[in-house]
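Single-structure report; data block below.
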Protein chains: 2
Amino acid sequence: MSGKGVDDVEKINDYKNEDFLLIKDVIEDNGYKMTTQRREVLMQFIRNKEEHLNVEKIYDIVKPKGIGVSTVYRSINIFVDLGILKEFRVDNTNYYELKMYAKKPLHIHFKCEKCRKIKDITDKEVIFKYLRINNLLEKEYNTEINDVDIMFHGLCSNCIDKNNIN
Amino acid sequence: MSGKGVDDVEKINDYKNEDFLLIKDVIEDNGYKMTTQRREVLMQFIRNKEEHLNVEKIYDIVKPKGIGVSTVYRSINIFVDLGILKEFRVDNTNYYELKMYAKKPLHIHFKCEKCRKIKDITDKEVIFKYLRINNLLEKEYNTEINDVDIMFHGLCSNCIDKNNIN
DNA sequence: TTTAATGCAAAGTGTTTGCACTATA
DNA sequence: TATAGTGCAAACACTTTGCATTAAA
């Protein structure tokens, strides 16, 4: 009896995903092979673009498919080295997110001290203002800024409102 | 024969240091004792205000005086909890610096990707611009921003110049 | 003098590595 | 089919903890 397993169907679908194909090229251009395991790890980020994933979360998802922790670590390390993933740290845990192909990325995170949620700030106006400061800095100090991480700590609007009620 | 040892003289001098006395109060207000070990760890930061210290560096200095690693870790953790120290991470290593008493601190670090040096950015104009963005964000999103960490990655002026020669 | 703090060693984390086996190009 | 990649377990590095001892208030 011929027939495709669940994994095969998944694989075929992944290979239709445009983001996956672009990143696959980056990986293979650098002499790495696109293995099932790397595809699985990578797809977690592509499927949940907005989420901030850590090794534990990814391993939980990927363990049932027989993928080991070391492979998760090795994949993520390669992806970070190749600039596919961006690492950032909150509360002693490393999180990762897709960096894609922006040349001068600006990563702004907001960590609420009460509900502990991490939010991305993507407000165009804010990002634009930050980029202007970068330019100022580069000129004034004769430096080259390739990457900026900004982490805000505070209270998000939800928790501020709850604070006022009490 | 009566006479003060080197350690006693150091202690007496530390107890004349204004910054030390202020921080000592914070520690004792929170029910902690000002022990010899905590004083030694703390003084590393006060004596090298501009430096970025990690546990290893502090332990190296303090080990000859018979202070253990666990005490270094325990001291630093308390200082971070009390808001005396600020923690930041570069290349998988935690660094610490004095936070002192600024209400809305803004920590801007520049990490050169070539020489790996970490520099503080203290330029008043830049900090002021950032604070204005904070205010904008707080109003626009109804949030409260208590703390901001900014990490630049790039090439410092030294390394840029060397790049151009080659 | 009481109780918090210390040093040591042991235990915990999170991450990397060596090696025999497996699967990709 | 050759070689890069994998899973596993062991090793590692960093950090925390239990406990008997010490020292600060």
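The values are calculated or read from the model by the stated rules, or taken from the named source; none is laboratory data. Since this is a predicted model, take the numbers as computed values, not measurements. Neighbour counts run over all protein chains shown; Cβ positions are idealised from the backbone, glycine included. These area figures cover heavy atoms from the full protein model, side chains too; ligands, DNA and RNA do not enter into them. Shrake-Rupley method; radii C 1.70, N 1.55, O 1.52, S 1.80 Å.
Could you go through region B:114-120 in sequence order and give the Karplus-derived ³J(HN,Hα) for each residue, using 6.51 cos²θ - 1.76 cosθ + 1.60 with θ = phi - 60°, rounded to whole Hz, and x for Gly and Pro?
The phi angles translate into 9, 8, 6, 6, 10, 10, 7 Hz.
Which whole-Hz couplings ³J(HN,Hα) result when phi for each residue of region B:25-41 is put into the Karplus expression 6.51 cos²θ - 1.76 cosθ + 1.60, θ = phi - 60°, listed in order with x for Gly and Pro?
4, 4, 5, 6, 4, 9, x, 9, 8, 8, 8, 4, 5, 5, 4, 4, 4
Checking the table B:24/B:49; A:99/B:99; A:114/B:57 against a 22 Å threshold on Cα-Cα, which pairs fail? Display every interim value, and only then the final one.
On the way: B:24/B:49 17 Å; A:99/B:99 31 Å; A:114/B:57 33 Å.
Long pairs (Cα-Cα over 22 Å): A:99/B:99; A:114/B:57.
Label points 7 Å out from Cα along the Cβ direction at residue B:73 and residue A:11: separation in nm?
Result for the modelled spin labels: 4.4 nm.
In bins 10 Å wide, starting from 0, what share of all Cα pairs of chain B does each bin hold, as a percent?
Distribution as computed: 8, 30, 31, 20, 8, 2, 0, 0 percent.
How big, on average over all directions, is the shadow cast by the Cα convex hull of region B:107-166, in nm²?
For the Cα atoms of region B:107-166, the hull's average projected area reads 4.9 nm².
At 1.4 Å probe size, with every protein chain present, just tell me what the per residue accessible area of region A:22-98 comes to in Å². Intermediate values should be presented prior to the final figure.
On the way: 3860 Å² over 77 residues.
With all protein chains present, region A:22-98 gives 50 Å² per residue.
Report the local net charge at residue B:136: Lys and Arg +1, Asp and Glu -1, summed over other residues whose C-beta lies under 10 Å from its C-beta.
Around residue B:136, the surrounding residues sum to -1.
Quick one: Debye curve from the alpha-carbon atoms of the protein assembly as shown only, equal weights, vacuum; give me log10 I(q)/I(0) at q = 0.08, 0.09, 0.12 Å⁻¹ to two decimals.
Debye curve over Cα of the protein assembly as shown, log10 I(q)/I(0) at q = 0.08, 0.09, 0.12 Å⁻¹: -0.51, -0.63, -1.03.
Restricting to DSSP loop positions (anything but H, G, I, E, B) with no more than 16 other Cβ atoms inside 10 Å of their own Cβ, which chymotrypsin sites (Phe, Trp or Tyr not before Pro) remain in region B:1-96?
Counting only loop positions with at most 16 other Cβ atoms within 10 Å, the chymotrypsin sites (Phe, Trp or Tyr not before Pro) in region B:1-96 are B:15, B:32.
Computing the accessible area with a 1.4 Å probe over protein heavy atoms, can you report the carbon and sulfur percentage for region B:1-160?
49 percent
Okay, helix-only estimate at 222 nm for chain B: each DSSP H run of n ≥ 4 adds -39500 (n - 2.57), divide by all residues, round to 500 deg cm²/dmol; what do you get?
Details: 7 runs with 81 residues, N = 166.
It lands at -15000 deg cm²/dmol.
Collect residues whose amide H, placed 1.01 Å from N in the peptide plane, falls under 5 Å from the amide H of residue A:90; neighbours closer than 5 in sequence don't count.
A:95
With a 1.4 Å probe on protein heavy atoms only, work out how much accessible surface B and A bury together, total over both chains, in Å² to the nearest 100.
Interface area, both chains combined: 3000 Å², rounded to the nearest 100.
For region B:145-160, in order, what is each residue's ³J(HN,Hα) by Karplus, 6.51 cos²θ - 1.76 cosθ + 1.60 with θ = phi - 60°, in whole Hz (x at glycine and Pro)?
9, 9, 7, 9, 10, 10, 10, 9, 10, x, 10, 6, 4, 3, 6, 4
Given springs between every Cα pair under 10 Å in a Gaussian network model of chain A, which of A:97, A:28, A:56 has the largest fluctuation?
Result: A:28 has the largest fluctuation of those listed.
Using alpha-carbon pairs under 8 Å, 6+ residues apart, how would you state the relative contact order of chain A in percent?
Numbers: 143 pairs, mean separation 26.4, N = 166.
Contact order relative to length: 16 percent.
Can you give me the long-range amide H partners of residue A:146? Hydrogens built in the peptide plane at 1.01 Å from N, cutoff under 5 Å, separation of 5 or more residues or another chain.
B:153, B:154, B:155
What do you get for trypsin sites (Lys or Arg not before Pro) in region A:41-114 restricted to DSSP loop and a cutoff of at most 10 other Cβ within 10 Å of the site's Cβ?
Those that pass, being in a loop and sparsely packed, are A:49, A:103.
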